[in-house]
Amino acid sequence: MLLGIILIWALTAMGLVIVSWVVPGIHARTNGDLLLAALILGIANAFIRPILWILTWPLTVLSFGIFALLINALMIQLTAELVPGFTVRDFASALLGAVIMMLLAIAGFILVEWLLFDGVFWLHMGAGRFIFHI
């Protein structure tokens, strides 16, 4: 379990590094600030984000999940408020950062499935059959 937490923290830190390179409005002064931001973002995602998702699930359903990106952008802005060396210029930068983090998570899921299981199984059916396989 501890290894899984450390792995998720490291992947979040790598995602924040990529986001800080790509998004002009997101900056970190030092690598330590990025690591601290990844830790705070992980804690916020573990404790605060689920509460927000429960409270806003009707909006998330009505928007076909797009509202979840707004919640993720809020988590990035909250992280910027709590970590002095990690700055987010505006909500648009946080939203773009959330989109990039989402795309990185999808790419990571595909890569792990592909490396571990020699393929990506999107939809599973019973008795070992599947609908869609890459």
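Below are the figures for this structure:
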item: Looking only at the stretch 91-112, and only at residues there that are touching a residue at least 60 places away in the same chain (Cβ under 8 Å) and under 15 Å from residue 77 (Cα atoms), the one that is farthest from the chain's Cα centre (by Cα); result: 92
item: Boolean, residue 69 is closer than 28 Å to residue 112 by Cα, free of Cβ contacts under 8 Å to residues at least 12 places away in the same chain and assigned to a helix (DSSP H, G or I); result: no
item: Single unsatisfied condition, residue 31 versus (1) exposed (fewer than 14 other Cβ atoms within 10 Å of the Cβ); (2) touching a residue at least 40 places away in the same chain (Cβ under 8 Å); (3) more than 15 Å from the chain's Cα centre (by Cα); result: (2)
item: Test: residue 39 is surrounded by 17 or more Cβ atoms within 10 Å (Cβ to Cβ) and modelled with pLDDT of 90 or more; result: no
item: Residue within the stretch 94-105 that is within 22 Å of residue 32 (Cα to Cα), out of contact with any helix residue (DSSP H, G or I) (no Cβ under 7 Å at 6 or more places or on another chain) and part of a helix (DSSP H, G or I) present; result: no
item: Checking residue 29 against (1) under 19 Å from residue 87 (Cβ atoms); (2) of a type in the set (Lys, Arg); (3) at pLDDT below 90, the condition it does not meet; result: (3)
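The values are calculated or read from the model by the stated rules, or taken from the named source; none is laboratory data. Predicted model, so just to flag it, every value in this text is computed and none were measured. Neighbour counts run over all protein chains shown; Cβ positions are idealised from the backbone, glycine included.
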